[in-house]
Each structure stands twice: as C-alpha cells, then as structure tokens.
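Inspection log for the structure reproduced underneath, given as structure tokens.
The values are calculated or read from the model by the stated rules, or taken from the named source; none is laboratory data. Computed from a predicted model, the values in this text were never measured in an experiment. Neighbour counts are summed over all protein chains in view; Cβ atoms, including those assigned to glycine, are modelled from backbone coordinates with ideal geometry.
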Amino acid sequence: MKPKTTRGRPPSAHTAPASPEVDDIETSLESLVEADAEAQQAVKCIGGGKLIATVLDADGNVTGLVQSPRPRSGRTPNRAAA
C-alpha cells in the first residue's frame, strides 16, 4: 500500500507536529489558511477547555495549534510555590 499523499507530496516525516500555544486558535487557524496552509483538523476541544487544530503548509509540514483554557475572570492560575 502506498503512503497517503497530500497536495501531491508524501506526508511529513515528523512523528509529532510542532504545536505552538496560541491565545486565539480560531484567528490563528484562519490566518494560516489565508497564508496558503490547508486545515487538516478543525478546532476541537480535547477536554478541560483545551482546544487543538492542525494545518499542513505548502511544504508538507504539519503544525498543530493549542489553546489552553482561560482562567475564570478575577482568578489567577494556581502556581507551585518556588
């Protein structure tokens, strides 16, 4: 069986995509698609308010986007004591 290709190229050889943390995943995904990336996975909640999405760039590289849940208004995230 031949490997799946995208846009006429074989998939990236990376085992895991780079996944930068973004403040607004919808806006980031839209900006990448406007810059000729192809959405591979739409924005999806994976639990606890964490959102992910993936895109494929023109060179065949897969990039993941991650948006962590925002703290509730007036509260700060718990931080371990130094």
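Only one of these conditions is not met by Glu30: (1) part of a strand (DSSP E or B); (2) at pLDDT 95 or above. Which number is it? Among (1) part of a strand (DSSP E or B); (2) at pLDDT 95 or above, the lone unmet condition for Glu30 is (1). Within the range 12-21, does at least one residue satisfy the condition of being exposed (fewer than 15 other Cβ atoms within 10 Å of the Cβ), in a loop (DSSP other than H, G, I, E, B), polar (S, T, N, Q) and at pLDDT below 95? Scanning the range 12-21, I find at least one residue that is exposed (fewer than 15 other Cβ atoms within 10 Å of the Cβ), in a loop (DSSP other than H, G, I, E, B), polar (S, T, N, Q) and at pLDDT below 95, so the answer is yes.
Remark: pairs (first residue in the range 21-36, free of Cβ contacts under 8 Å to residues at least 24 places away in the same chain; second residue assigned to a loop (DSSP other than H, G, I, E, B) and among the small types (Gly, Ala, Ser); Cβ separation under 8 Å; 6+ apart in sequence or on different chains) = Asp36/Ala58.
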